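Structure record follows, encoded as structure tokens.
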Amino acid sequence: MADIFTASGSKFSIAAAVTTEPASASAYSALTWTEVGMIESLGEYGDEAATIDFAVLGDGRVRKAKGASDAGNMAVTCAHIAGDVGQIAMVAAQLTKLTYPFKVELANKLTGGGTNEFNYFLGLVMSKRVNVGANDNVVRRTFSVAVTSKITESAPT
């Protein structure tokens, strides 16, 4: 077993909008997924708690507490392919105020017959920006996904 693995082979998918969060990784996996094609990079995601500060007059020290958790906004950058069904689904999702399930598949199975790790979460597609760039650039589209739930993980085997 390797200590590290690369992002190569990772995948990103979207499912139809939901009104409640699936209760488990198996409930997420039962959804119908549409892979977003030609992904170049997936940005960071995952909980980070807010720092709550309280400055005490008597000793001049700041006390800190852990506040609400935010799983962040994930950037999904891909080559702009007008006919890609996953990109079409992302564009359609950006035009709504609905919450969608997302799946990140990491290519890190532990054995030849094993399964990869899956990270599931809910989010809102906030933007669908196109970056044309210069002469020798690939035209890219970057989607911003505001993560609105905890990350549900399914470990690799």
Counted residues in the range 107-118 being touching a residue at least 40 places away in the same chain (Cβ under 8 Å) and either more than 29 Å from Pro22 (Cα to Cα) or not in a loop (DSSP other than H, G, I, E, B) (or both) come to 1
Filter the range 86-135 for residues that are among the β-branched types (Val, Ile, Thr) and either under 21 Å from Ala27 (Cα atoms) or modelled with pLDDT of 95 or more (or both) and give the result. Ile88, Val91, Thr96, Thr99, Val104, Thr115, Val125, Val130, Val132
Determine whether Asp53 is closer than 22 Å to Ile151 by Cβ, out of contact with any Pro (no Cβ under 7 Å at 6 or more places or on another chain) and exposed (fewer than 13 other Cβ atoms within 10 Å of the Cβ). no
Among the listed residues Gly58, Gly67, Gly83, identify the single one that is small (Gly, Ala, Ser), in a strand (DSSP E or B), out of contact with any helix residue (DSSP H, G or I) (no Cβ under 6 Å at 6 or more places or on another chain) and modelled with pLDDT of 95 or more. Gly67
Result of the Cβ filter at 6 Å on the range 129-144, keeping first residues that are more than 18 Å from Ala93 (Cα to Cα) and partners that are surrounded by 12 or more Cβ atoms within 10 Å (Cβ to Cβ) and charged (D, E, K, R), at least 6 apart or interchain, is Asn131/Arg140
Given the options Ala65, Ala75, Ala25, Ala50, name the one that is touching a residue at least 60 places away in the same chain (Cβ under 8 Å) and more than 26 Å from Thr157 (Cα to Cα). Ala75
The range 1-46, residues that are among the aliphatic types (A, V, I, L, M) and assigned to a helix (DSSP H, G or I): Ala25, Ala27
Starting from residues that are of a type in the set (A, V, I, L, M, F, W, C) and surrounded by fewer than 17 Cβ atoms within 10 Å (Cβ to Cβ), keep the ones in the range 134-145 and report whichever is farthest from Thr99 (Cα to Cα). Ala134
Restricting attention to the range 74-117, which residues are out of contact with any Phe, Trp or Tyr (no Cβ under 8 Å at 6 or more places or on another chain) and within 18 Å of Ser149 (Cβ to Cβ)? Thr96, Lys97, Leu98, Thr99, Tyr100, Glu117
Does the range 120-135 contain any residue that is farther than 19 Å from Glu40 by Cα, hydrophobic (A, V, I, L, M, F, W, C) and not in a strand (DSSP E or B)? no
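The values are calculated or read from the model by the stated rules, or taken from the named source; none is laboratory data. As the structure is a computational prediction, the values presented were derived from the model and not from experiment. Here Cβ is always computed from backbone atoms with ideal geometry, including for glycine, and neighbour counts include all displayed protein chains.
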